[in-house]
Amino acid sequence: MKKLVRKPGRAFGVLLLAALLLFPAVVSQQFTINSFCLVFLYAYWASSWNILGGYTGQMSLGHACFVGLGAYTTAVLFSHFHCSPWIGLLAAGLVAGLASLVIGIPCFKLKGSYFTLSTVALCHVFRIVFNTNSTLFGLETGAAQGMKLPWRGGLAAMQFLDKRSYYYIILGMLLLVLLVSYAIKRSKLGYYLAAIRTNQDAAASLGVNVLGMKLTAMFISAFFTAMGGGLYAMFLQYIDPNSVFAYDLSVKIMVLAVVGGGGTLWGPIVGASLLVPVQQILNSRLGANLAGLALAVYGVVLMIVIYFMPKGFLDTILRWLRKLREKLGKPKEGQVCR
Amino acid sequence: MLQLYTQALIDGLLLGGVYATVAVGLSLCFGVMRIVNWAHGALLMMAMYLTYYLVTLAGINVYLCCLITGAVMFAVGYLLQKFLFYKLIVREKDREPVNVLLFTSGLGTALTAVALIVFGGFALQAQTPYTGKSLQMGPFIISQTKLISFVIAVVSTLVLFFFVKKTETGRAMSATSQNRTVARLMGIHEENIYCLAMGISQAMVGISASLLISFYPVSNSVGVLFSFKSFIIVVLGGKGSIMGCLLGGLVVGVIEKFFGTMFNDATSQIVLFMLFVLILLFKPSGILGKEKE
């Protein structure tokens, strides 16, 4: 308890988590629960992206490709092989992870923008393939019309009428990815990744296996992103190539992480909890009339943040808090002196 | 059969010339400033809408519009560089300018979304006096709009090439791209050169927008599509090389038409991507590039 008092950040975290766990018990409105689920899911994706984009500094703009692969793997396993999504999610992660290695080996030959470009191009190709073929490897995927999942219901099938079940599953996965990110940051791997981000050539000359480390980061990142994709498929019960392999989705995932604070543990969470609700409100209020508005806001916010606070929102918020604490702290010290 | 593929070759070459003009601006930016402008396609889209309305509402000849859009986009590029990008570049000197990447991708996203709101989601096709007319050369049909566009595109790319190689300003640009510090020591004003390079890059975008609009419908998804193609062309031709860009554009145009004729559009996109990956794997410096990096 004393530790918690001494570290207000940690106390705040524990309180927030408790509040989030109790929240569905108090509020049962499906729309609110649904919104929270989406905030968690985007936070989860942004955190997964952060492992590659933030910690390693490899700006991927093709993470929708992993979302799509994950969603389709889970959906196909579920509808054609009667495989429980709990296993499907793991399979999704592995498929996307393997794909990320195949992509990574040629694409990591490039630095910076050209790596980013290759990820965009790849996602584009996946979208075309899924859009134009109604069967892939002999399995029906429904081309541009997408797939509707059959209803089986229950915990094993991960199909619930009450959205609150998804709330807890997604929250749990978000905690998991945060834990993994934290572990990576504290591990040897994390320091290697940070070295690569700061100066790749210097890291290589000190004996860091640059390609190996980048591939590891990409594998982990793709693995978790795809699990989120599988969850998304179960959450919506319907997927189509234009929504899961969308360039817009890749941009959103990246913007959330960068705006919050790329390369920090909490940045993606901050970004998602600030921006996803804005997107939800804009979509629900203006929706059909101004289809592109939410995305325009994302673009503009990204520009403003990069220009005025290159380290992201989190850094700025922390600096404000520090100033606040200094102001509050001063009179207390005076009292002690007397 | 042979006739069909020769027709595809002709169409591909004509289209490729225009693609090259779209991509050359991107290549120039990379060559001089080491930055990749992610808003390139979105700016092209805006210029295409501008031309569309100049042609439809004001009734100006579509090829004369080149001059207007070229000038307007030069100003846009110059100002963007002067007031936004330059500060970002200066802020991070040695590293790959990641912030510029993020900033321009934000700009591109915003522009694309705004275009959807303002102009709507449907594709607009400009009607020009040349639309639908074609020349018959033996068994082959050559679209008049594509032929005129091709000629203007190639001429303007060549003009740019000689500008960079032969004039004082152009050589100052090359010098800055080779070594910023030494160039500054030689008395070259870096900021001016950068603004000029971005201005010229966008002027080429403006010109190619007018050329494209004569045969290509504009919609808000054009931006992402052409960003993608331009990047492939720049990688094919070698980053920063103008002649490489011209060659890359022709290659991309021909591949697109060839595989489009043989299979379908989806296949041609996949083939382009495979080519892109193969080039990255085996000759990252591009077709004409020298092995340096």
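The values are calculated or read from the model by the stated rules, or taken from the named source; none is laboratory data. The structure displayed is predicted, hence computed values, not measured ones. Heads up, the Cβs are rebuilt from the backbone with ideal geometry, glycines too, and the neighbour counts pull from every protein chain shown.
Assorted remarks:
- B:Leu281 facing another protein chain (nearest Cβ under 9 Å), assigned to a helix (DSSP H, G or I) and at pLDDT below 80: yes
- Qualifying positions in the stretch A:122-142 - within 11 Å of chain B (Cβ to nearest Cβ) and touching a residue at least 60 places away in the same chain (Cβ under 8 Å): A:Leu122, A:Cys123, A:His124, A:Phe126, A:Arg127, A:Phe130, A:Asn131
- Residue in the stretch B:245-257 that is over 23 Å from A:Leu110 (Cβ atoms), in contact with a helix residue (DSSP H, G or I) (Cβ under 7 Å, 6 or more places away or on another chain) and facing chain A (nearest Cβ under 10 Å) present: no
- Of everything in the stretch A:184-240 that is among the hydroxyl-bearing types (Ser, Thr, Tyr) and either in a helix (DSSP H, G or I) or modelled with pLDDT of 95 or more (or both), the residue that is nearest to A:Val67 (Cα to Cα) is A:Thr225.
- The residues of the stretch A:223-269 that are surrounded by fewer than 24 Cβ atoms within 10 Å (Cβ to Cβ), away from chain B (no Cβ under 14 Å), within 18 Å of A:Leu178 (Cβ to Cβ) and not aromatic (Phe, Trp, Tyr), listed by number, are A:Thr264, A:Leu265.
- Picking from residues in the stretch A:89-121 that are outside any helix (DSSP H, G or I) and at the interface with chain B (Cβ under 9 Å from one of its Cβ atoms), the one that is modelled with the highest pLDDT is A:Lys109.
- The stretch A:9-65 - residue that is surrounded by fewer than 21 Cβ atoms within 10 Å (Cβ to Cβ), of a type in the set (Ser, Thr, Tyr) and touching a residue at least 40 places away in the same chain (Cβ under 8 Å) and, of those, farthest from the other protein chains (Cβ to nearest Cβ): A:Ser28
- Conditions (1) surrounded by fewer than 20 Cβ atoms within 10 Å (Cβ to Cβ); (2) away from every other protein chain (no Cβ under 14 Å); (3) assigned to a helix (DSSP H, G or I): number failed by B:Ile287: (3)
- Pairing each residue of the stretch A:292-306 that is facing another protein chain (nearest Cβ under 7 Å) and closer than 15 Å to B:Ala115 by Cα with any residue that is aliphatic (A, V, I, L, M) and surrounded by fewer than 23 Cβ atoms within 10 Å (Cβ to Cβ), provided the two are 6+ apart or on different chains, yields C-beta distances under 6 Å for A:Gly292/B:Leu116; A:Gly292/B:Ile117; A:Leu293/A:Leu282; A:Leu293/A:Leu286; A:Ala296/B:Ala110; A:Ala296/B:Val114; A:Gly299/B:Ala110; A:Val300/B:Ala110.
- If you check B:Ser227, B:Ser268 for being of a type in the set (Gly, Ala, Ser) and either assigned to a loop (DSSP other than H, G, I, E, B) or surrounded by 24 or more Cβ atoms within 10 Å (Cβ to Cβ) (or both), only one passes: B:Ser227.
- Wholly enclosed helices (runs of 4 or more DSSP H) of the stretch B:73-169 bearing at least 3 residues away from chain A (no Cβ under 14 Å) and touching a helix residue (DSSP H, G or I) at 6+ places or on another chain (Cβ under 9 Å): B:144-166
- The numbered conditions (1) in contact (Cβ under 8 Å) with a residue 60 or more places away in the chain; (2) within 13 Å of the chain's Cα centre (by Cα) are all true for A:Ile184 except (2).
- Hey, B:Phe140 of a type in the set (Phe, Trp, Tyr), closer than 23 Å to B:Cys245 by Cβ and surrounded by 13 or more Cβ atoms within 10 Å (Cβ to Cβ) or not: no
- For the stretch B:263-279, a tally of residues being over 20 Å from the mean Cα position of the chain (by Cα) and closer than 17 Å to A:Gly112 by Cα returns 1.
- Criterion: under 16 Å from B:Leu26 (Cα atoms) and surrounded by 21 or more Cβ atoms within 10 Å (Cβ to Cβ) - qualifying residue of B:Gly106, B:Gly77: B:Gly77
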